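Following: one structure in structure tokens, then a few remarks.
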Amino acid sequence: MRPLSLRSAALVGATLAAACSTTPAISNTNNIIRATDVELVCLEVVGSTVTPHPTTRCSLSDTDNGPGANANFHLHAVVPQFDRGELAVIDLATTSGVALVDNSPAIPGYSFVPVGEFPVAITSDVSEGSGYVYVAGGRSDRVLRIDAAALRADPRRAGFAARRVEISIGGLARDLALVRSGDRHLLVATLPESRAVSIVDVTDPAAPGAPRILTLRGGGALGDAGAGADAGAQALPHPVGLAIDEESARIYVTDDAIDRVHVIDVATLAELDSLPVGERTRVAAVTGLARTRRYKCDQAADPDHCTRSRYLYLTTADEGAVIVWDLTRGARVRPNVLPQPNARGSRVEPSVATDRVALLVPATALVAINTSAYDPMARDIPVSSPADTATCSAGYTPTAAGNFSGVFVGAVLRNGQFTVIDVDDYNVDTWEAQCQDGAGSTASGTYRFVRHAPHAQTQLNLAPAVASAPQTTAVLSGSARGQTLEGAAAPVFACGPSRTRDMTPACNDANSFGVVLPRRQIGTSSAGPVYGPTDPFTSRNEAWTFAFESVLPGLDQTGGALVADSTGTLVLEAPGGLFCTRGALAVDAIARDMLRIVSDPTPLVADRELCAQTFGSGSAPLNRDLVVNRAYEDRLQLRVAPEVGDVATVLRCYPQAIQFQVRAGQQWIAQGSHSHFLHSVRVGAGRECEIDPVKQAEVVAFAERCLLDRGTPSPQVPTLLRRVCPAGRACTGTVTPAGVALRDDAPVFANPYLCTQIYPALLQRETPRGIEVVASPVDRDTQISFSLINAYEAFRTDTGPLPVAIRHLRGLDRLYVIDAAQNGLMEFRLNPFERGRIFN
Amino acid sequence: MTARPHWSPPSRALRAACLALGVASVGCPANEGVDPPGDSFFYPVTLAASPTGNWLYVTSSDFDLRYNGGTVAPVDLACLRARVADPTHARCAALPNAPDVRCVADRDQPGGFVCEARGFVRADQVRRISPYAVDSAVARYPDRTRLYVAVRGDGSVTWFDLDDNGGLDCGAEGALGRCGDSHRVGTDSAQSPTAARLPPDPSSISVDPARGWVFLTHQSSDVGLARASLIRDGAAGGGGGAPVMLSALGSLSPGLSSAALLPRAPGSEERSTWVVTSRAEASLSFFQAYPGNATLRDGSPFVYRSAIIGVRGLSGGNNNRAVALDPDASRHRAFVVSRAPEALLTVTLDPANPTAAVVSDVLPVPQGPSRLVVRSVDGRTQVLVVSFDARRVTVIDPDERRVIGQVVTRRGPHQALLDPSPSQPFLYVVDFLDGALEVIDLRPPADPAAPGTYLRRVLTLAPQLPQE
């Protein structure tokens, strides 16, 4: 017998492998893993000779990312990696081969420069012909200084050790920066656990100074007690982040333990009065001077901002929110408030406080960007809104869309995105946007106000509108109310299709579908007035659903127990119910919700017949709706209907925990796909649910603005405002004796994004008195849905799963982002904005 | 004479197919006759400590089905500590017939040693369970202590009565005795007052000894299968009652991966609450065990999901592997290891309102984070994250947002456990791939400049000593 052939052997092997092996794990082979920071240095590379230069000497070609005019001057990125304790060096100007510098070519794979355990931060100090990078380690009270000329060298070679110097900073550093003041070069490090900042004079490379430990003052919201005083540990400082303002010779130090930002005078190295920013902060970026404003200052939210200002952007330690301190005025900015003519102080993003930038995702790093085209001392500058047809004066041209220009801040967010923030961008119409000199433009553009995206490329090219006609879907719940007399006559929105008798011509100027957005006339075309949203930046692309007698979100639960309280009243006990938190209400003339028992009765045998008669079965439930008499955070007091009998009957039929729902009684529940259920219920005295008057007042204010926008006669407004239902709920209009659902009669539903009114569908009913028109009953769970589209959205782009650091190099107009999880170092171009290379 | 049919050899293809079939049939054998090693570990996945701190129970999973079952092996923790303190310690005296401890220097870890596991395992008390154990937990009740092991292979929670001498009673006799049916709860619906069985794919187990609740998550992605279940152990009320399967809950998030028992919330003292992660959905779920209503005729406790929140504001957030609470209860926070992104998440909890929980911080961790433990050192919280792929344990100060140190492990670090004795700061890590138990020294050095073995693997119990 011949031996098995190779093929047969392979078959055996394959079978064996398939039968007994597991899928091999494939690991990524990224070279940059868990990077923490990035610094940019310019190196002149001639053969094996490397000479450092200031970064202004390096450039990158827009066409091939090559080194530009001088082929030997290469911009390099230097990236510390905490997992490996190494410094990766990347040649950003290489046009051939691999950008990663392999410091030890003799070792397989890429080898980098070892810098000690857990490097956390990096900075540089490079002059013409010489310079250094400084790396702070997570477990060392010394900063490692490496000669920049040795960054491409093999650290295993003799002589490299002489290029490395350890400099004592007196503690464990969190952040690191280099400050130049006159001839002095100062290395600054925050030492959180020492509650201090360390400053080392590194002017003389041969003899770095001893660390000057500046113990910071404590205090803040817990009292200006200072270190060691009675205010307790939380009042002690805990400095973490640095922002350097070389123009005004200030060092700003964030603190995540007290609500102040420390200020150090570079000249004296003394701590000045801290900034009472009112929040514990973590990351900081200080901008250069913004321009002097010439146009539309009266439309700024805060006219005081119409000056040349510089701003300190900060992330809060708790939430990662971005707050802004106006260094010129010495006050917090309210970046989430719309400018005039919005006189109500409405928020750009309603869920964010007025004194925070309207971001819904925490920011992890900030960088001040001062684009190369921007001269703060010049007249109004060429900004780059999406200009198109403007006719500009001689010598001026519209700037291209998608460019970033000016003074603003870039932020990377915890969700892996990059965005731009600008709190003083008051180019309220297209004048500045279209022509460099502000001439030749009209005010017809819709690019009206950009609070947190300076002239971003996103354009509001359509007024927000309803995407499609309301979709009506009826979901019968099996209740008696599910029956309709003449088909599924559903309510419609105001100004809706001609399914009602009420087709008021005045509705035509709104839109076809009856969802009325706050709007204003923004121009005139040949077809007549052109409308845009009043506050386009309060709009949000979102799908909305109105559901009649819907289950309140989160209140379809299992685990409630029906009991009788001391007065014999029926109570649903559900300690985890969170009824108020989830928006349940039981207030006469406002909202009275219902408890729906979903479970079938589980009585003793003797009570089965009684319970079946009273509550029916799963396929034919009876009397399962109990009106909520009073709602509390952890329980509902219930009314027992006469059909049910008494409390004892309920308890006999439901002796065990039940599955239940809380449903809105005779009301619609409005839910946005992003906003969810925007109710205004809070936990009140005795843990009873009540309307939060502040939140409800906001809703009423939205409704008032909506009515006024629609031209409702002023005398009618107060009456209608009294009918506004609780936030998040819409109520159906009524039918007049004449059988007309008057447009102005229906309660107004309003939220920050839209307003509308809901009318009943009408039915003709024969009566002994003749034909009567009545409101058609509405099926429970009837849904009306629509979408808002084309709302303004701030510019955002993806970076990587976990961006942690960002750098900008003025004159280069490129951004470098460190993604600690996956992408390593990422490059973005600013003009036009473009996602660039990834180095990993 | 009848001519015998001529036998011709089968074709090569047929021969190959037969051989392949034969190989396939024996390649993954039932192995009824191959007992697992009774004095070491093989694909260990979980470990638990006795409340007295004298014993460690290491559960081996028999992941490759090489043997006819997994095991639960008691390890003499006191002896382990003694060996760490004294490299000349030669024998675990508490172990009957224990062999001498044989060790060699750990070539990969200066100052560390590798020892044969058999010198530390109480072999006569090693018990056999079904394959694919996934998690374990210990509960101390008024008059007994129990160990629960969630076993995927037979869909059970196999439970043991423990004694303080390393004894394991699971209805089996002798070394490598197979645990009896009476000690496997969840496999027989007749044992349950609600006719419930344990759902498939258990992923974690958590016990509330005060109430006797044994709560399990299940990571099935099949929407038709239950994903949380509840067992009640009658031993919580004193006496020797057995655990009883009570309820299984469906229509939940997929991929439930881990659970942590929360402190009791005001107004909800009667209910035990767990926060639960998912490896397939960006959510955190909250489950409560409902004890029944004493004033009514309610005799059917069950588990229900009391709240669910989205893990928002992250790139991903939908692959969370483990959760643990801050030992400082006043901080009201939990820590979660995430693989999307690969990070340690700090989750701030609101005891009165689970829906208000938010991810308040994100810190990168090495590749493949899988488990974590949290401890308090001089009033400061430390999180120790085990990264399977990166083969290391990272020690993080979440308040300083700083990596304190990293410990390089062997090839497959998985579950970790802190020594229950406050005076013995060691971390025990089961190494899934190497079949080892690693001991990591967490004793801070007197002189930071001379860290000694601090944050190093000082001892590894391996199936055999490395070849010289």
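The values are calculated or read from the model by the stated rules, or taken from the named source; none is laboratory data. The structure presented is a predicted model; accordingly, all values stated were derived computationally and were not measured. Note that we place each Cβ from the backbone using ideal geometry, even for glycine, and neighbour counts take in every protein chain shown.
Only a single criterion out of (1) in contact (Cβ under 8 Å) with a residue 60 or more places away in the chain; (2) away from every other protein chain (no Cβ under 12 Å); (3) under 22 Å from the mean Cα position of the chain (by Cα) is not satisfied by B:Val408, namely (2).
For the stretch B:347-376, taking the residues that are surrounded by fewer than 23 Cβ atoms within 10 Å (Cβ to Cβ) and assigned to a helix (DSSP H, G or I), the one that is nearest to the other protein chains (Cβ to nearest Cβ) is identified as B:Thr355. If we scan the stretch A:695-707, do we find a residue that is within 14 Å of another protein chain (Cβ to nearest Cβ) and either buried (at least 23 other Cβ atoms within 10 Å of the Cβ) or not in a helix (DSSP H, G or I) (or both)? Checked against the condition, which is being within 14 Å of another protein chain (Cβ to nearest Cβ) and either buried (at least 23 other Cβ atoms within 10 Å of the Cβ) or not in a helix (DSSP H, G or I) (or both), the stretch A:695-707 yields no hits at all.
For the stretch A:132-143, name all the residues that are in a strand (DSSP E or B) and either free of Cβ contacts under 8 Å to residues at least 12 places away in the same chain or surrounded by fewer than 23 Cβ atoms within 10 Å (Cβ to Cβ) (or both). The answer is A:Gly137, A:Arg142. Scanning the stretch A:631-654 for residues that are facing chain B (nearest Cβ under 9 Å) and either of a type in the set (Val, Ile, Thr) or surrounded by fewer than 22 Cβ atoms within 10 Å (Cβ to Cβ) (or both) yields A:Asp634, A:Leu651.
All of (1) closer than 18 Å to B:Ala236 by Cβ; (2) surrounded by fewer than 23 Cβ atoms within 10 Å (Cβ to Cβ); (3) in contact with a Ser or Thr (Cβ under 7 Å, 6 or more places away or on another chain) hold for B:Pro193 with one exception: (3). Checked against the criterion of being part of a helix (DSSP H, G or I) and within 27 Å of B:Thr453 (Cα to Cα), the candidates B:Cys79, B:Cys92 yield just one match: B:Cys79. Could you grab me the full set of residues in the stretch B:457-468 that are at pLDDT 95 or above and farther than 14 Å from B:Asp431 by Cβ? Within the stretch B:457-468, B:Val458 is the sole residue that qualifies. Any residue in the stretch B:380-397 that is farther than 17 Å from A:Asp318 by Cα, assigned to a loop (DSSP other than H, G, I, E, B), basic (Lys, Arg) and within 12 Å of another protein chain (Cβ to nearest Cβ)? Checking the stretch B:380-397: at least one residue is farther than 17 Å from A:Asp318 by Cα, assigned to a loop (DSSP other than H, G, I, E, B), basic (Lys, Arg) and within 12 Å of another protein chain (Cβ to nearest Cβ). Being touching a residue at least 12 places away in the same chain (Cβ under 8 Å), of a type in the set (Val, Ile, Thr) and surrounded by fewer than 17 Cβ atoms within 10 Å (Cβ to Cβ) holds for only one residue in B:Val104, B:Val134, B:Val149, B:Val126, and it is B:Val104.
Listed by first and then second residue, the pairs with beta-carbon distance under 9 Å, at least 6 apart or on different chains, first residue in the stretch A:240-264 and part of a loop (DSSP other than H, G, I, E, B), second surrounded by 24 or more Cβ atoms within 10 Å (Cβ to Cβ) and of a type in the set (Asp, Glu), are A:Asp259/A:Glu279.
Inside the stretch A:179-193, residues that are surrounded by fewer than 21 Cβ atoms within 10 Å (Cβ to Cβ) and not charged (D, E, K, R) make up a count of 3. The conditions of being at pLDDT 95 or above and either of a type in the set (A, V, I, L, M, F, W, C) or surrounded by 17 or more Cβ atoms within 10 Å (Cβ to Cβ) (or both) are met by B:Leu344. Once the stretch B:153-164 is narrowed to residues that are in contact with a strand residue (DSSP E or B) (Cβ under 7 Å, 6 or more places away or on another chain) and surrounded by fewer than 21 Cβ atoms within 10 Å (Cβ to Cβ), the residue that is nearest to B:Thr52 (Cα to Cα) is B:Asp161. Taking the stretch A:553-592 as the range and being at positive phi and away from every other protein chain (no Cβ under 12 Å) as the test, the residues that pass are A:Gly568, A:Ala589. For the stretch B:309-368, the tally of residues that are of a type in the set (S, T, N, Q) and within 26 Å of the chain's Cα centre (by Cα) stands at 7. Among the conditions (1) under 21 Å from B:Leu284 (Cα atoms); (2) part of a loop (DSSP other than H, G, I, E, B); (3) within 12 Å of another protein chain (Cβ to nearest Cβ), B:Pro327 misses just one, which is (3). Every condition in (1) modelled with pLDDT of 75 or more; (2) over 30 Å from A:Val817 (Cα atoms); (3) aromatic (Phe, Trp, Tyr) holds for A:Tyr396 except the one numbered (1). In a residue-by-residue description of the stretch A:53-62, the property of being at pLDDT 95 or above, in contact with a strand residue (DSSP E or B) (Cβ under 7 Å, 6 or more places away or on another chain), hydroxyl-bearing (Ser, Thr, Tyr) and crowded, with 17+ Cβ neighbours inside 10 Å applies to no position. Residue pairs whose Cβ atoms lie under 7 Å apart, separated by 6 or more positions or on different chains, with the first residue in the stretch A:593-606 and away from every other protein chain (no Cβ under 12 Å) and the second part of a loop (DSSP other than H, G, I, E, B) and surrounded by fewer than 19 Cβ atoms within 10 Å (Cβ to Cβ), are A:Asp593/A:Gly665; A:Met594/A:Gly665; A:Asp600/A:Ser617; A:Asp600/A:Gly618. Of everything in the stretch A:314-337 that is of a type in the set (Gly, Ala, Ser) and under 14 Å from A:Val352 (Cα atoms), the residue that is nearest to the other protein chains (Cβ to nearest Cβ) is A:Gly320. Scanning the stretch A:63-76 for residues that are surrounded by fewer than 21 Cβ atoms within 10 Å (Cβ to Cβ) and aliphatic (A, V, I, L, M) yields a total of 2. Look at B:Ala90 and say whether it is over 20 Å from the mean Cα position of the chain (by Cα), free of Cβ contacts under 8 Å to residues at least 60 places away in the same chain and over 30 Å from B:Gly33 (Cβ atoms). It is true that B:Ala90 is over 20 Å from the mean Cα position of the chain (by Cα), free of Cβ contacts under 8 Å to residues at least 60 places away in the same chain and over 30 Å from B:Gly33 (Cβ atoms). Residue under question is A:Ala794, and the condition is that it be at pLDDT below 85, surrounded by fewer than 22 Cβ atoms within 10 Å (Cβ to Cβ), in contact with a His (Cβ under 9 Å, 6 or more places away or on another chain) and not polar (S, T, N, Q); does it hold? For A:Ala794, the condition - at pLDDT below 85, surrounded by fewer than 22 Cβ atoms within 10 Å (Cβ to Cβ), in contact with a His (Cβ under 9 Å, 6 or more places away or on another chain) and not polar (S, T, N, Q) - is met.
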